[in-house]
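Working notes, beginning with the structure itself.
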Amino acid sequence: MTDSRTMNSAPSITRLVDYEAFPFAIDSVDLTFALDPTRTRVTQSSVVRRIMKGQHALELNGKNLNRISIKVDGAEIEADRLVEIDETLMIRQVPDEFHLEIETEINPEANTALEGLYLSNGMFCTQCEAEGFRRITYYPDRPDVMSIFTTRIISDASHPVLLSNGNPVSDQLLPDGRREVVWRDPFPKPCYLFALVGGDLAVKHDEFVTMSGRCIDLRIYVEPKDLDRVDYALQSLKRAMAWDERVYGREYDLDIFMIVAVSHFNMGAMENKGLNIFNSSCVLANAAAATDQAFQRIEAIVAHEYFHNWSGNRVTCRDWFQLSLKEGLTVFRDSEFSADTNSRAVKRIQDVNFLRSAQFTEDSGPTAHPVQPSEYQEISNFYTLTIYEKGAEVVRMIHTLLGAELFRKGSDLYFDRHDGQAVTINEFVDAMGEVSGRDFSQFMRWYQQPGTPRVRVDIEHDQNTETLTIQLAQKSPVIAREDSHKPYAIPVRYQVIDQQTGDVLVPETLFELTEEVASITCAGVSARPVVSILRGLSAPVKLEMDRQTSDLVALARFDDDGVNRWDAIQELYMHAIQEFLETPEANLDASLQQLICDLIRDPSSISDPACLSEMLTLPQDNILWDALQPTDPQKILEARKRLRQRIALAGSSMWRTLFEAMRVAGPYQPSADAIGRRSLAITALGYMAKVESIDHLILDIEANASNLTERYAAYRIARSDASESVSLELSQRFIDRAETDEVLDLWLSTEAVNENTATVDRIKELTSHPRFAWTNPNRVRSVLGAFANRNVKAFHTPDGYRLLADSVLKLDAMNPQIASRLVMPLCQWGRFESTFQEQMKAELRRMAAKDLSKDLYEIVSKSVD
Ligand code: TRP
Ligand code: ZN
């Protein structure tokens, strides 16, 4: 096992306070790759210069490298000047300025960790963030060392497409018949942004003319069979380029921008300079082979990686504790792009839902950490929802406090002042402080303190004096020790409406809560008021407020903030589920029933179908578990099913009317409007299936659908609510028609979460499917990730926990990053009743006793003692 740590050796911890600048500058790096599946030869030739006084040794990093030679100014280094400990190689007594030449040999074929140089379906590709470059050559593998890279790639004819960062320099045949291609990237960059691709690939070209009139050559490279699925990503890229010019004034800088799709990838995509590498599932789409959700995801991720060219590449991170500097900012940028391009309200509802269900869960569990962590064992474990999503919320709060115009001034200052530098989160916030004259010192606690703060809200309305008082109290996160937490600066956006008419009594206002408690007084409020608070989720906090059903119904009917309308009905669902937990035979609250009927009765009056679809979707398990802990997840599942059934009955025949009204005719369009209508139609169909037999309808949709969204919906709903024969038939038809890996993954995940059929044995059967491979993270996520995160019935059992633990152990030997992500659901034992807790902890302890990778060891040891 190549990636394991040795048992009993204490894990080494990297700390922010220990940061020291690198004492040398690397002015240029020339790399030569002689590609070979099992023995790729890498030659590095660098110009090194001492920039700090003192007798520092040159400290390089290397991992799994076969060292051939190391020369300083042409002379091989004597062994006694080299010290190699773990992943660090020290060269002692180096001159002030010298030429470093290093030759290593690596084995891409054996690289199942998918970090460094590896093979995916015969294609050479790289993934260097965060610390993968050290698997290619000895180098200071840290983001504050920036250099000009020139890359020479030598290969035989089996890999005709040879790519790297920057601009192509030369392309020639060597005397021995091999080809040699040279690329040069004129922008200094850290090695985590290095990329190389070699394969037999097809390409689609396009162009973009920038705001200063430069014509950029755009290219997407894929395996030849996938060339009919690249158009949407190309269109998305052009939209993103135009948006970044319009909204941030940021122009692309190289003459060429390339995207390459690969099948084996640990994450979504990677922003390597000029050569973005994508998980194929985040690029490839056409009507027949991608759902609406996939189209939207692709648009967002293409934009995200493109936006990194400024937020991440031109201005990069000093060290990995600053990861959210680029990721939080870039997620904020891509979510605003999606909001501008599609429906702002829906995008925000989806983001808030994701934040609350996933990031809040992380933030209250054993791996909770600040947006700017202070220490880590394995940096790969810190590509988290907190760094990305909470980090984006923190940037959003700055935007809220400053307003769009000042925020833009701040971002201009940040990008211009720090262009070409590796900086910290402070530099970003300082720029925002400078343009606004605001003091952000209290605000910085959002970056430093872990956990989700709570805001308690109490309302008092005095009819006589017509005064409304809103009392606010901030409380520390549940996980925090009371004394360790200092109050946050919390932007609280609120509005007050009339409970009966929905008329606005107090227009939207921004209040800044900086003390532990504060109160807001509104005069002249005579009607019965309802307060819409934390509108749009103006801060990533948990709201604690005792709200009556009548107030929640009023918000769900009238609030002009999409998030709060949605949030109000979600809380009503929560109340209902709580009631079903106690009284299974209880009826649905009459006013909730009325509300639902009113929402769906008249399809012609529905202005935003996508929002309504979100409103008709019940809260996710994670949210229920958090609110109702300690829980029995099986009981919650039953209560939730009961609520779903009651809602279905309440809507009765209106579901069919709604379904038919929302169906989209004509050729497939992944437009926000069409996606919203399809989403609501499918939600209606799901409820309809609970009140009447839909076998015929579903067979008809499956046979005639013009797109995968509808065909997939028919299959999915059949699998849970059609007769057994139709359910089996549609499952078979779906896999029979699953030509692409992406459609295969939809089938695998749907089979893995199916409550009626996906037992632990069925999951094992899926991992033996001829198209399943443990070495492909997408397959693993589709079966085991879906099972552990979305199949409550089978996962939350002793056999389910054991299956996950066994799978994690098996994966850990191949791909530690994937293993340590997959184990997460077991680490959430804290929110369940003791029987579940004990079973989950038993599996974690069984794992902890084994020889684990650094990645998995960190997560498991933090989760159980
Ligand atoms: N920087 C990438 C992003 O845009 C994240 C990423 C891609 C990554 N692949 C990775 C991080 C592999 C760690 C390991 O979000
Ligand atoms: Zn990113």
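The values are calculated or read from the model by the stated rules, or taken from the named source; none is laboratory data. Keep in mind the model is a prediction, meaning the values are calculated, not measured. Here the Cβ positions follow ideal geometry from the backbone for every residue, glycine too, while neighbour counts run over all protein chains shown. Ligands, DNA and RNA are excluded from the accessible area calculation, which covers all protein heavy atoms including side chains. Shrake-Rupley method; radii C 1.70, N 1.55, O 1.52, S 1.80 Å.
Data table
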item	result
Residues of the stretch 805-830 that turn out to be farther than 19 Å from D851 by Cβ and in a helix (DSSP H, G or I), as a count	6
Total residues in the stretch 410-430, condition farther than 15 Å from R318 by Cα, over 26 Å from the mean Cα position of the chain (by Cα) and of a type in the set (G, A, S)	0
Residue check, L581 hydrophobic (A, V, I, L, M, F, W, C) and open to solvent by less than 30 Å² (accessible area, probe 1.4 Å)	no
Residue list for the stretch 817-850, restricted to those being within 23 Å of the chain's Cα centre (by Cα), within 26 Å of G132 (Cα to Cα) and not polar (S, T, N, Q)	I818, A819, R821, L822, V823, M824
Among (1) touching a Lys or Arg at 6+ places or on another chain (Cβ under 9 Å); (2) modelled with pLDDT of 95 or more; (3) open to solvent by 90 Å² or more (accessible area, probe 1.4 Å) - the single one L58 does not satisfy	(3)
Selection count, the stretch 279-298, where residues are assigned to a loop (DSSP other than H, G, I, E, B) and either buried (at least 22 other Cβ atoms within 10 Å of the Cβ) or within 14 Å of ligand 2 (Cβ to nearest atom) (or both)	5
Residue in the stretch 347-367 that is closer than 20 Å to T14 by Cβ and away from ligand 2 (no atom under 13 Å from the Cβ) present	yes
Selection status of E109, within 16 Å of ligand 2 (Cβ to nearest atom), within 22 Å of P816 (Cα to Cα) and touching a Leu at 6+ places or on another chain (Cβ under 8 Å)	no
Test for A738: is it aliphatic (A, V, I, L, M) and in contact (Cβ under 8 Å) with a residue 24 or more places away in the chain	no
Hey, T835 assigned to a loop (DSSP other than H, G, I, E, B) and among the polar types (S, T, N, Q) or not	no
Pairs, first open to solvent by less than 60 Å² (accessible area, probe 1.4 Å) in the stretch 453-464, second assigned to a loop (DSSP other than H, G, I, E, B), C-beta under 6 Å, six or more apart	P453/P477; P453/Y488; P453/V541; V455/V541; V457/M545
Selected residue (only one of A287, A269, A261 is near ligand 1 (Cβ under 9 Å from one of its atoms) and aliphatic (A, V, I, L, M))	A269
Pairs with Cβ under 8 Å, 6+ apart, first in the stretch 76-91 and in a strand (DSSP E or B), second of a type in the set (K, R)	L82/R92; V83/R92; I91/R81
Selected residue [within 12 Å of ligand 2 (Cβ to nearest atom), assigned to a loop (DSSP other than H, G, I, E, B) and either of a type outside the set (A, V, I, L, M, F, W, C) or open to solvent by 10 Å² or more (accessible area, probe 1.4 Å) (or both)] from N276, N309	N309
Total residues in the stretch 667-690, condition open to solvent by 50 Å² or more (accessible area, probe 1.4 Å) and either of a type in the set (G, A, S) or farther than 15 Å from D608 by Cβ (or both)	3
Helices (runs of 4 or more DSSP H) completely within the stretch 633-716 that count 3 or more residues being β-branched (V, I, T) and at pLDDT 95 or above	672-691
Qualifying positions in the stretch 188-231 - open to solvent by less than 50 Å² (accessible area, probe 1.4 Å), closer than 22 Å to E131 by Cα and in a strand (DSSP E or B)	K189, L196, V197, G198
Candidate set: the stretch 128-163, residues that are polar (S, T, N, Q) and open to solvent by 20 Å² or more (accessible area, probe 1.4 Å); chosen: the one nearest to ligand 2 (Cβ to nearest atom)	T150
Number of the exception - I301 against (1) within 16 Å of ligand 1 (Cβ to nearest atom); (2) open to solvent by less than 10 Å² (accessible area, probe 1.4 Å)	(2)
Residues (within 16 Å of ligand 2 (Cβ to nearest atom) and either of a type outside the set (A, V, I, L, M, F, W, C) or open to solvent by 10 Å² or more (accessible area, probe 1.4 Å) (or both)) located in the stretch 260-273	N266, M267, G268, A269, E271, N272, K273
Leading residue by the ranking (farthest from ligand 1 (Cβ to nearest atom)) among those in the stretch 312-355 that are open to solvent by 10 Å² or more (accessible area, probe 1.4 Å) and of a type in the set (V, I, T)	V346
Those residues of the stretch 324-346 which are away from ligand 2 (no atom under 14 Å from the Cβ) and among the polar types (S, T, N, Q), in sequence order	S338, T341, N342, S343
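Listed here are the residues, each with its yes/no results for (1) without any contact (Cβ under 8 Å) to a residue 12 or more places away in the chain; (2) charged (D, E, K, R); (3) open to solvent by 40 Å² or more (accessible area, probe 1.4 Å); (4) within 16 Å of ligand 1 (Cβ to nearest atom).
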{"site": "S364", "(1), (2), (3), (4)": "no, no, yes, no"}
{"site": "E378", "(1), (2), (3), (4)": "no, yes, no, yes"}
{"site": "L406", "(1), (2), (3), (4)": "no, no, yes, no"}
{"site": "E427", "(1), (2), (3), (4)": "no, yes, yes, no"}
{"site": "Q448", "(1), (2), (3), (4)": "no, no, yes, no"}
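For (1) small (G, A, S); (2) touching a Cys at 6+ places or on another chain (Cβ under 9 Å), each residue gets a yes or a no:
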| position | (1), (2) |
| --- | --- |
| D73 | no, no |
| V83 | no, no |
| V94 | no, no |
| I106 | no, no |
| G116 | yes, yes |
| L119 | no, yes |
